[in-house]
Structure formats: structure tokens, C-alpha cells
1. Roughly what would the spin-label model give for N59 and N175, points 7 Å off Cα along C-beta, in nm?
2. At E98 and I26, where each label point lies 7 Å from the Cα along Cα→Cβ, what is the point-to-point distance in nanometres?
3. If the reach is capped at under 15 angstrom between alpha carbons, list the aspartates and glutamates near K82, excluding any in the same chain fewer than eight residues apart.
4. Given a 1.4 Å probe and heavy atoms of the protein chains only, how would you sort E4, E16, largest accessible area at the top?
5. Given the chain reduced to its alpha-carbon atoms as identical point scatterers, what log10 I(q)/I(0) does the Debye formula return at q = 0.17 Å⁻¹?
6. Leaving ligands, DNA and RNA out of it, report the carbon-plus-sulfur percent of the accessible area of the range 31-113 at a 1.4 Å probe.
7. With every protein chain kept in place and ligands, DNA and RNA left out, what is the accessible area per residue of the range 1-83? Probe 1.4 Å, answer in Å².
8. Compute the length gained on full extension between F107 and A47: take 0.36 nm times their separation in residues and subtract their Cα-Cα distance, giving the result in nm to one decimal.
Amino acid sequence: MSFELPALDYAFNALEPHIDARTMEIHHGKHHQAYVNNLNNALKDHADANKPLEEIVRNISKYSMAVRNNGGGHWNHSMFWKVMKPNGGGVPAGKLAEHINAAFGSFEAMREQFNQAAATRFGSGWAWLIVHDGKLVITSTPNQDNPLMDIAEVKGTPILGLDVWEHAYYLHYQNRRPDYINAFWNVINWDEVNRRLEAAF
Ligand code: MN3
């Protein structure tokens with residue numbers, strides 16, 4: 001058995017004009033596929049090759065740098081595609097809205113802090129909204145690390161993640177990372193984020 005590229009739930013052009021079709025096609029078909037292929041290669045003949053990805057990621061300090069980079073890449077992107085949808089955005093509701101208000105005071109304050117984390121992550125990495133000790137927290141990680149990893153500075157269960165690698169936005173936004181970050185809020189699938197929040201508690 002080996003890891004496989006998950007299909008997208010929507011067409012490459014479904015997130016336009018916020019995220020363009022060509023970027024989605026290359027990001028999913030080339031970048032994510034490469035993480036999957038490289039992870040399978042890195043785990044070839046490894047005793048843990050059949051373990052669930054999340055279990056590997058949670059114990060990432062026991063693995064090679066190739067497994068860390070590509071296992072993280074596979075986990076992060078698999079989540080990223082799910083927390084977006086066409087005609088997404090708006091404001092979160094239900095339990096998620098309550099937790100956001102409790103932790104940040106308001107949705108706007110949470111968004112501000114998330115945008116800041118995404119904009120100031122130097123080089124390549126991710127911004128995250130995570131459940132940490134029963135509370136929502138915003139953090140960011142370099143490269144393809146994530147907060148599930150035992151090596152993460154701030155650990156927790158990610159419920160929303162934003163890829164701020166240049167490959168995620170450069171074709172359409174060039175160096176304007178803040179424009180891409182702002183556009184992300186129009187494609188967030190809050191039902192999926194809510195589902196992940198419920199699962200994390
Ligand atoms: Mn990416």
C-alpha cells in the first residue's frame with residue numbers, strides 16, 4: 001500500500017477569481033503529487049510504510065528529513081484542499097463562532113491575527129488556526145512542518161491552514177502575498193473547519 005494524491009472536490013477553476021485555475025492545477029497535480037511520490041519513496045522498505053499518515057506526522061522526530069518534508073507536505077495539502085470551496089467565505093457559525101469569540105474577542109480580531117501570522121512567516125510555510133489545550137490559537141510553521149508534529153514550537157490540532165509558499169500564489173499575485181491572504185477568506189469552507197473543530201474536542 002502507498003499514499004495517493006486525493007482528488008479535489010471541485011474543478012481547478014472553481015476558486016476563481018481568488019485562486020486561479022493554473023495555480024490550482026500545478027499546485028495539486030505537480031506540487032502535491034511530488035510530495036506523495038517522494039513520501040512513498042522515502043518510506044519504501046520502511047517498517048512504518050503502512051502506518052496512517054497522521055501517526056507518522058505526530059511522531060515525525062523519529063523519521064528522516066525526507067519523510068518530514070514530504071509527509072508534512074502530503075498532510076498539509078490534503079487538509080488545505082478541504083478547507084476551501086467555491087462560493088466559500090462569509091463568517092463562521094455555531095460552535096466555531098463561539099470558540100473564536102472566546103479566544104480572540106471577535107471574528108475580525110481572529111482574521112487580523114491569522115493574516116499577520118501568514119504575512120510574517122518568512123520564506124515558505126503555513127499559517128494555522130489550531131486547537132491547543134482546549135482553546136483556539138493562531139500559529140505558523142516553516143516549510144512543510146505543521147502543529148501536529150512533535151517538533152512543532154506550538155503544538156495542537158489544525159482546523160484551518162493557509163499555504164504561504166510562493167507556489168501557492170506567485171502566478172497570479174506575484175510578490176503580493178497580502179493580496180492572496182485577503183483573497184483566501186472568500187474561499188474558506190467554514191462547515192469543514194467547524195467539522196474539524198468538533199472532531200478536535
Ligand atoms: Mn503548497
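1. Calculated label separation equals 4.5 nm.
2. 4.5 nm
3. Filter leaves D9, D163, D191, E192.
4. E4, E16
5. The Cα Debye sum returns log10 ratios of -1.19.
6. 46 percent
7. Averaged over the residues of the range 1-83, the accessible area is 51 Å².
8. Value of the extension gain: 17.1 nm.
The values are calculated or read from the model by the stated rules, or taken from the named source; none is laboratory data. Source: prediction; values computed, not measured. Reconstructed Cβ throughout: ideal geometry from the backbone, glycine too, with neighbour counts over all protein chains shown. Accessible surface is based on the protein model in full, side chains and every heavy atom, while ligands, DNA and RNA are left aside. Shrake-Rupley method; radii C 1.70, N 1.55, O 1.52, S 1.80 Å.
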